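As structure tokens, the structure follows; a few thoughts come after it.
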Amino acid sequence: MPVYLDYNATAPVRPEVIARMQELLALPANPSSMHRFGREAKKHLENARKTIADAISAWPNEIIFTASGTEANVTALRGISRRVLVSAVEHSSVLSSLRGAERRGNPFAFAKSDKDWIASPAARNDDIIPVTSSGLIDLSALDAMLVDSAPALVSVMLANNETGVIQPIRDVSALCKKHHALLHCDAVQGLGKIAVDFGALGYDMMTLSAHKCGGPVGAAALIVCRDLAIAPLLTGGGQELGRRAGTENVAAITGFAKAVELFDFEHMRRLRGWLDGMEAEMETCGATVFGKSALRLPNTSCVAMPGVSNEVQLMDFDLKGFAVSAGSACSSGRIETSHVLVAMGIPQPLASCAIRISGGWQTTENDIQLFTEAWKQTCGRLAKKAG
Ligand code: PLP
């Protein structure tokens, strides 16, 4: 039986979620319809909204359901008419929403003209906040960037998808308050792994996605503080209080809420222990573990096997029945050098030997032990050849 250790790409959907969704898929479910089917769909939608809101200490009407974390991120960054500052280790959906920053080394520079933005007719001078060698946001750099800034929107992720490094969001939030900046947090990788509290940390916006935590692809959310107006990315019908047009995917959203009900933080805590043991064994064979000096997600390890490219490792592990990733595979399947590791100042030859191991609700101690043995065997065989 292959061992799946790529939860940060997507987690297996929990069986309880599939069962719940199957019930909903059997109904004609447009929550905007006036008839009994529509009212039934609306009831399921609003129950799911309440479950998710309660889990993150938000108000139900602060939740805008979207089809993906990518859509939620892009809505957050393009829907507010402010200068945008984002960390250098953000997901490509955040980095590609900047403008003007392509000259400053944005690897995902995409939209280059004003017409690509919804809510920012005036020229903006977006910028990228550097991180330290442990992958943490450089707070003094952010402080300096916000001094005398035009009203800004800062976007810093809760935890990184490649290294698992958890950002000091409380400190970022304090700096934003000091400089009257808005704060968006991409919490896609944190949800279900660590506590995610929209109410407590003074966020203005937050992104969540169901398929990283046992729910289905196709359901995600942007949480927007009640007193903040945001321009919709998708226009048309008046769904989601006019903030996101399009019929809500009731089955997927209900599956999202079911996944939230099943979060198991105790299992996550055990998983960190197993991964720490794995990392210690790998280090005795010369491995480099990235982000280790920072607080990290309980399910993620990013490790370089010296002298063996991640592409070769991935193929070798796949043959042995382990699904891991290089953390930066693009949609074409090609592996690009990780912009996250580059931003942390890791030299390219070492960065290109890094793989990501990410577990989740179905991962067992035995899975991690089997992978550790396989890694040591591959390292003994291939690292010797490379050396
Ligand atoms: N943000 C982070 C940190 C992610 O890891 C991902 C997905 O990999 C996304 C956003 C995008 O989420 P989705 O796949 O739902 O579009």
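The values are calculated or read from the model by the stated rules, or taken from the named source; none is laboratory data. Remember, predicted model here, so these are calculated numbers, not experimental data. Here the Cβ positions follow ideal geometry from the backbone for every residue, glycine too, while neighbour counts run over all protein chains shown. Ligands, DNA and RNA are excluded from the accessible area calculation, which covers all protein heavy atoms including side chains. Shrake-Rupley method; radii C 1.70, N 1.55, O 1.52, S 1.80 Å.
A few points about this structure:
- Residue-level analysis places ALA72 among those that are part of a helix (DSSP H, G or I), within 16 Å of the ligand (Cβ to nearest atom) and modelled with pLDDT of 95 or more.
- Top-ranked residue in the stretch 1-31 [being of a type in the set (S, T, N, Q) and farther than 26 Å from ASN160 by Cβ; ranked as most open to solvent (accessible area, probe 1.4 Å)]: GLN22
- The single residue among GLY202, GLY242, GLY255 that is without any contact (Cβ under 8 Å) to a residue 40 or more places away in the chain and touching a Pro at 6+ places or on another chain (Cβ under 9 Å) turns out to be GLY242.
- Top-ranked residue in the stretch 32-66 [being small (Gly, Ala, Ser) and surrounded by fewer than 19 Cβ atoms within 10 Å (Cβ to Cβ); ranked as nearest to the chain's Cα centre (by Cα)]: SER57
- The residue that is farthest from the ligand (Cβ to nearest atom), among those in the stretch 82-101 that are among the β-branched types (Val, Ile, Thr) and either in a loop (DSSP other than H, G, I, E, B) or under 11 Å from ASP186 (Cα atoms) (or both), is VAL86.
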